[in-house]
Amino acid sequence: MHLIDYSLIVAYIALLLVLGFVKRLGKDSSASQMIVGGRTLTLPAFVASLVSTWYGGILGVGEYSYQYGLSNWLVFGLPYYLAAFLFAVFLAKRARKSEVLTIPDRLAQVYDNKTAAAGSIIIFLMTVPAAYILMLGVLGEQLFGWPFWAGVLAGSAASIIYVYLGGFNSVIRTDLFQFGLMFAGFAVLLVVLVGDYGGVGFLLENLPETHTTWHGGNDGWYIATWYVIALATLIEPAFYQRCYAARSASVARKGIFISIGCWAFFDFMTTSCGLYARAILPNLADPVSSYPALAREVLPAGLLGLFALGLLATVMSTVDSYSFLAASTFGNDIMRRLGRIRQDQITRYTRLGLVISSILAIVWALFFRSVVDIWHAFGSIGTPALLVPVFFAFVGKRRLPPGAALASIIVSGALSAVWYVSKFYSPTEDYWLGLEPIFPGLILSLGLYLFLAEDRSRSLPKP
């Protein structure tokens, strides 16, 4: 990287902080202002924020497309479009009309506070942004030559400092800026690659055969697991938070439909760049670094800096959003229900949650060195715990009784967690019965719902 590249990055950080600090929360700010920005989110802001937040795993996409080729679209593209479509059809308007602040608020409405507290803990652990903090460490290594831990610490600080003071509205203002940068960075890289190396013919000549197959060399069960993990979208706190914050129920539903189109176009660019990375740099030691390594290989000064901004914007927009989600879950849900704090203390404890979630994210990022492994671990345990109780808290007339809902969250999550750990104690390094851990927990949760759910429509608030 050259001086012009570093200058672009310094300017980006400075502008990010200006946008984040432009309007701080006052001491008398309400929980609604802190967590959902007073419910004034417009359609453009909704789309920009959701698109940039939900695509933070950019280096994980690079890792997978480098290793397995076109199947990246079948694993990290199509299942998530389908899940987002289901969310838009069944949940977006219901979530906005519920007038709650968080998912656990709805669990408390439909079940009870114990169920909401258990759900809060699962959501907090799922929203700690360890995978995205890990990516900031990798980017620090690749772009600046820093030690991994230095990139983790510096990236974390730059991503959350303005959220601490500005809350949800700071996240939205910075997401609008980062949305444009993430698309611009990959568009520049793809145009240069096609111009310098050629198109489909070059890729077919230089890629392994498996990279142009639908499965990429993986078995069908592994790919099917990601389709089930994608159902975590139906309990995705970032989706619910933006629906709660939307100006209207119509904005929430339309915003998700438009976002699906944006993700599809961005996936076309990222998957294509991952294929070029494998074709041009076939012997990378660390596939997580495929995008920055490719950019250093092919981009001149100035454009390299612009692409670096695209990577940073994609990751940092997710770090700040998920850090804030974890923080608001800690302050509004865990502490309010377990610690019995007053309403006027929620902002203070949300800020404390931001510090705690950031520390956890840093520790986990230093422990894991694969983005995909983090997604797989937390998705395999959190999804079966929450999917059924949360989905049917909004949809349909049949709901679990409060005690059964609490048991479903605890037992299903615990079963999948034990199943996940079984791999580390197996001599063959495989899960029990060769079954991915998400399935036993999800089957148990669905079974409890089918046998124990009852019609409670008359006694429950309508979303």
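Bear in mind that the values in this text are calculations on the coordinates, not laboratory data. Since this is a predicted model, take the numbers as computed values, not measurements. With ideal geometry, Cβ positions are generated from the backbone for all residues, glycine too; neighbour counts draw on all protein chains shown.
Taking Cα atoms, how many degrees apart are the long axis of helix 3-21 and the longest axis of the chain, rounded to 10 and kept between 0 and 90?
20 degrees
Using the Cα centre of region 163-273 as origin and beta-carbon charges of +1 (Lys, Arg) and -1 (Asp, Glu), tell me which of HIS215, GLY180, GLY201 is placed farthest towards the positive end of the dipole.
Value: GLY180.
Give me the Kirkwood hydrodynamic radius of region 44-157 in Å, from all C-alpha pairs, to one decimal place?
Its Kirkwood hydrodynamic radius stands at 17.0 Å.
Across region 374-383, in residue order, what do the Karplus-derived ³J(HN,Hα) couplings come to in whole Hz, using 6.51 cos²θ - 1.76 cosθ + 1.60 with θ = phi - 60° and x for Gly and Pro?
Per-residue couplings from phi come out as 5, 4, 5, 5, 6, x, 6, 9, x, 4 Hz.
Restricting things to alpha carbons, tell me how big region 205-298 is in terms of Rg and Dmax, in Å.
My reading of the Cα-based Rg and Dmax gives 17.8, 51 Å.
Tell me, what HN-Hα J-couplings in whole Hz come from the Karplus equation 6.51 cos²θ - 1.76 cosθ + 1.60 at θ = phi - 60° for each residue of region 172-178, using x for Gly and Pro?
Rounded to whole hertz, the list is 5, 4, 6, 4, 4, 5, 6.
Residue by residue through region 179-190, which ³J(HN,Hα) values in whole Hz follow from phi under the Karplus form 6.51 cos²θ - 1.76 cosθ + 1.60 (θ = phi - 60°), with glycine and proline marked x?
Per residue, the Karplus-derived 3J(HN,Hα) values read 4, x, 5, 5, 6, 5, x, 6, 5, 4, 4, 5 Hz.
So what's the back-of-envelope 222 nm ellipticity for the chain, counting only DSSP H runs of four-plus at -39500 (n - 2.57) apiece and dividing by all residues, rounded to 500?
Rounded to the nearest 500, the figure is -23500 deg cm²/dmol.
Any chance you could check the Cα centroid distance between region 312-371 and region 231-288 for me, in angstrom?
22 Å
Across the chain, how many lysine pairs separated by 8 or more positions, or lying on different chains, have Cα atoms within less than 18 Å?
Final tally of qualifying lysine pairs is 7.
Can you list residues from other chains, or at least 5 along the same chain, whose modelled amide H is less than 5 Å from the amide H of LEU101?
Long-range HN contacts for LEU101: none found.
What is the dipole size for the chain, taken about its Cα centre, with +1 at each Lys and Arg Cβ and -1 at each Asp and Glu Cβ, in debye to the nearest 20?
Here the size comes out at about 2400 debye.
Highest mean first, how do 175-185, 65-75, 237-247, 146-156 rank when packing is the count of other Cβ atoms within 10 Å averaged over residues?
Taking the mean over residues of other Cβ atoms within 10 Å, the ranking is 237-247, 65-75, 175-185, 146-156.
Output the direction-averaged projected area (hull surface divided by four) of the convex hull of the alpha-carbon atoms of region 276-417, in nm².
Over all viewing directions, region 276-417 projects a mean Cα-hull area of 13.0 nm².
Using +1 at the C-beta of Lys and Arg and -1 at the C-beta of Asp and Glu, which of VAL36, SER317, ALA224 has the Cα lying farthest in the positive direction of the dipole of the chain?
Positive-end residue among those listed: VAL36.
So, in nm, how far is label HIS2 from label TRP221 when the simple model puts each one 7 Å beyond its Cα toward the Cβ?
The two pseudo-label positions are separated by 5.3 nm.
Once the Cα gyration tensor of region 3-370 is found, what semi-axes does its equivalent ellipsoid get, as square roots of 5 times the eigenvalues, in whole Å, sorted largest first? List each step's numbers first, then the result.
Numbers: eigenvalues 235, 104, 67 Å².
Calculated on Cα positions only, the semi-axes equal 34, 23, 18 Å.
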